[in-house]
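Visitor: Okay, here's the structure, questions in a sec.
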């Protein structure tokens, strides 16, 4: 029994070149399995219908659009297959080894179901080839023979062929089938057809009078293009998968595309749209030898069923080896192989039983719609794998065959669009089933790689590219977009105080950006790094619980002053540089003020806006009122103070808050300054009514203190300014200790010119 490859250790124990190549097939079986599935029932039964309903031009568009899905998928398969060792399981193995068994298992289960059900689909189509014979028997002998007499024995023959001869005999049969197909297609292309149905020249747009819509015709014909990865199921039996898969699948895809285009042209040349739409066996009338078409249909359908019965059990066996299926016993039973090649006998029995159920239903249209959806999900996932692997820049992703990321992205997008075009109901149903399987596997396989791990690398690259782009256009964006707060907040107290963190998360909720840094005092060492990581985990949990948009971090430095100097050099989390610093102290601990003053001056001299929170046991009260206090000395800070008030009340926790502005503008009040302030509020569209703007006389600081004590004693947050003179030469301790009548207060010093427009 081949190892599952479910763990890294298991994979490493089997280096490339180990004897695990099964039958040791070359490239030809991959090509034959794919091309015989591509040239299937749709080509012989429904392609005349397509030309009759949408014309030659519309049919060519169906071929082109269909291959906008299949070609990116084939290129993605070829790229991924050349990146790592490919074992049994085909498309499932490729997906699971790129996405992990959680995602790969969910895709693999859907892929297996579609492969097993496709056996029934092709057998139903196979029986259609005998319809003229059954009609002749009924007319000649009066015996009505059901198509089930063809379908069920056909399934039994397939099962017996796999049990007695295995995949090796199946590949030999494919050679004969493809030879028959070549002869039949030649007979169609070189036939002339009766003159009574021949049109007058080649008309690109001619259709029947009341044709079906393009979407309906496309949905009917798309299953014709879904066989290009049929050969992937033989991956475990290939001598050199990295060579055979790209050559076989790409060759079959382009060969099939060319043949479909030639057949469409031949049909448009040989029969009128009415004749094409009425007779599903119109090719028998056009071909040089009519019966060859029935033989070709039977051969194509039987070979497609043969290809599906070869790959479906191998996919199921690979799923069992990775322990994806529920129950240890089921996985063990289905993973067992027979003989040196590891033929999946038990998986074959399960696949035949599933196919028999759908053969009994006999509804080819229903089966075709289910098949198309599951195959499209698989194709979209394969294209997504290639795109994400390229975009993530993973150094372990080193395929020898290279596609282009935009081709893979196009394939993924086209898969989704075409699924919705074909049937919105079935598309949503398929996606929903896939989601349920994925969630179930994720729950049972905790700790294994899942979708979040795959997307992480791509997100890293996206953030990096966005930050580089923002840095290049930094000046232009700031000028064009107006002022936006980008804060770095530094604290020594961590979990012991949360007011500073709360203020930062309110500022950075929608309009601003916040970087919260916990200072860990000491020299950098292994021990301090361990403590810093533990503290960071707590900060991340706090940020998650509070649903903040704040980036959290820790910083090891010997002193607070040193930590401030380093924090000021941090890059902004948004890609733009930080422009403000947020510091904090407790009003009950004035001894904390001296360590802040030097930090404030350093930040201001470094062209950082300075905001200092003086916290209190009030803890922002009911968060229903913000009072902004202005004086002649602090008017230069007015714009930033008002912007901060506006940003804070925009948070959901402050949704009932109102902003009041108190302007102390001289002994009698300066009416000119008051008018400018009102104009600033009006032009800036700030949510501050004129009744909430009061101009007060102020003879002295003592008078201001008294007014604050009287008017803002119950305010939840007070915003005051720090003048440039005070920041440069004044007593900052006196400023930070002023306005004792307020509860929680932030002092603002704006270095930038903040424009409210």
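Visitor: In region 714-731, how many are closer than 16 Å to residue 701 by Cα and more than 52 Å from the chain's Cα centre (by Cα)?
Guide: 4
Visitor: Answer yes or no: is there a residue in region 78-87 that is within 24 Å of the chain's Cα centre (by Cα) and farther than 27 Å from residue 240 by Cβ.
Guide: no
Visitor: Regarding residue 294, is this residue buried (at least 19 other Cβ atoms within 10 Å of the Cβ), more than 37 Å from the chain's Cα centre (by Cα) and modelled with pLDDT of 85 or more?
Guide: Yes; evaluated as a whole, the condition is true for this residue.
Visitor: With respect to residue 585, determine if the residue is part of a strand (DSSP E or B) and either over 26 Å from residue 733 (Cα atoms) or not assigned by TED's automatic domain parsing to the domain that holds residue 736 (or both).
Guide: No, not satisfied.
Visitor: Quickly run through region 640-674 and pick out the residues that are more than 39 Å from the chain's Cα centre (by Cα) and at pLDDT 70 or above.
Guide: Correct list: 640, 641, 642, 657, 658, 659, 660, 661, 662, 663, 664, 665.
Visitor: Name the one entry in 277, 252, 288, 299 that is modelled with pLDDT of 85 or more, over 27 Å from residue 109 (Cβ atoms) and assigned to a helix (DSSP H, G or I).
Guide: Answer to the selection: 277.
Visitor: Can you find a residue in region 126-148 that is modelled with pLDDT of 75 or more, in the same structural domain as residue 321 (by TED's automatic domain parsing), in a helix (DSSP H, G or I) and over 30 Å from residue 280 (Cβ atoms)?
Guide: No, every residue in region 126-148 fails to be modelled with pLDDT of 75 or more, in the same structural domain as residue 321 (by TED's automatic domain parsing), in a helix (DSSP H, G or I) and over 30 Å from residue 280 (Cβ atoms).
Visitor: Additional query: Going through region 260-291 one residue at a time, which ones are surrounded by fewer than 20 Cβ atoms within 10 Å (Cβ to Cβ) and under 13 Å from residue 43 (Cβ atoms)?
Guide: 261, 262, 280, 281
Visitor: What's the total number of residues in region 498-528 that are out of contact with any strand residue (DSSP E or B) (no Cβ under 7 Å at 6 or more places or on another chain) and in a helix (DSSP H, G or I)?
Guide: 4
Visitor: Also, quick follow-up: Going by what's in this entry, would residue 740 be described as assigned to a helix (DSSP H, G or I) and more than 17 Å from residue 659 (Cβ to Cβ)?
Guide: Answer is no for this residue.
Visitor: Within region 596-606, identify whether any single residue is surrounded by 16 or more Cβ atoms within 10 Å (Cβ to Cβ), touching a residue at least 60 places away in the same chain (Cβ under 8 Å) and assigned to a loop (DSSP other than H, G, I, E, B), and answer yes or no.
Guide: So far as region 596-606 goes, no, none of its residues is surrounded by 16 or more Cβ atoms within 10 Å (Cβ to Cβ), touching a residue at least 60 places away in the same chain (Cβ under 8 Å) and assigned to a loop (DSSP other than H, G, I, E, B).
Visitor: Quick check on region 704-726. Is at least one of its residues in contact with a strand residue (DSSP E or B) (Cβ under 7 Å, 6 or more places away or on another chain) and either modelled with pLDDT under 80 or surrounded by fewer than 17 Cβ atoms within 10 Å (Cβ to Cβ) (or both)?
Guide: Looking through region 704-726, none of the residues is in contact with a strand residue (DSSP E or B) (Cβ under 7 Å, 6 or more places away or on another chain) and either modelled with pLDDT under 80 or surrounded by fewer than 17 Cβ atoms within 10 Å (Cβ to Cβ) (or both).
Visitor: Looking at (1) farther than 15 Å from residue 114 by Cα; (2) buried (at least 19 other Cβ atoms within 10 Å of the Cβ); (3) over 34 Å from the mean Cα position of the chain (by Cα), which is the one condition that is false for residue 318?
Guide: (3)
Visitor: Considering only residues that are surrounded by fewer than 19 Cβ atoms within 10 Å (Cβ to Cβ) and modelled with pLDDT of 75 or more, look in region 332-349 and name the one that is farthest from the chain's Cα centre (by Cα).
Guide: Checking each candidate, the answer is 338.
Visitor: Checking the condition at pLDDT below 90 and in the same structural domain as residue 736 (by TED's automatic domain parsing), which residue from 599, 636 passes?
Guide: From the options 599, 636, the qualifying one is 636.
Visitor: Can residue 755 be described as touching a residue at least 40 places away in the same chain (Cβ under 8 Å) and surrounded by fewer than 18 Cβ atoms within 10 Å (Cβ to Cβ)?
Guide: So residue 755 fits the description; yes.
Visitor: Looking at region 143-166, is at least one residue in contact with a strand residue (DSSP E or B) (Cβ under 9 Å, 6 or more places away or on another chain) and over 12 Å from residue 305 (Cβ atoms)?
Guide: Yes, that holds for at least one residue.
The values are calculated or read from the model by the stated rules, or taken from the named source; none is laboratory data. Just so it is clear, the structure is predicted and the values come from calculations on it, not from any experiment. All Cβ positions, glycine included, derive from the backbone under ideal geometry; neighbour counts span all protein chains shown.
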